[in-house]
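The values are calculated or read from the model by the stated rules, or taken from the named source; none is laboratory data. Since we're looking at a predicted model, the values are computed, not measured. For accessibility, only protein heavy atoms count, side chains too; no ligands or nucleic acids. Shrake-Rupley method; radii C 1.70, N 1.55, O 1.52, S 1.80 Å.
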Amino acid sequence: MGLLQTPSVAIDGSKFKAVNNRDRNFRHAKMARRMAQIEESVGRYLRRLDSADRQEPSEAISIKTTRIKEKIARLKQEMSRLDVLDAQMRNTPDQQISLTDPDVRWPPADADRVSSATMSRSRWTPNTI
């Protein structure tokens, strides 16, 4: 058919929805909200431990306090993980970090989009013999 007589290059700037869960993309406000939620949960669990300490000792209370202590330990680990991510996030130029793909960015607050996206660029060059 001879449609392409000379080598050609095509560039496509299509955007595709990224495989980036909202839980794996962090910005400063989201990080602060998540840390506040964790601190609130730790406080709630500590109040439950205080309440359990005032009750008569029993096997059920012992099991309950063990579970609460495990939850507190998990939350403290999560806080440590978020502290590390927060430090990494503050070193990025746009103050956000994605755990799925470092190139994925959350759109600005005033954008009409509601999910993170990544830019796909492709190039095709026909074989010339």
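Here are some notes:
- Reachable aspartates and glutamates, given that their alpha-carbon falls under 15 Å from the alpha-carbon of K64 and they are not under 8 places away in the same chain: D50, D53, E56
- S14, S62, reordered so the largest accessible area comes first (probe 1.4 Å): S62, S14
- Estimated vicinal HN-Hα couplings, Hz - the stretch 93-100 in sequence order (Karplus 6.51, -1.76, 1.60; Gly, Pro = x): x, 9, 6, 8, 9, 10, 7, 7
- Most to least accessible of E78, E59, E40, E70 (protein chains only, probe 1.4 Å): E59, E40, E70, E78
- Heavy-atom accessible area with a 1.4 Å probe sorts V42, V84, largest first, into V84, V42.
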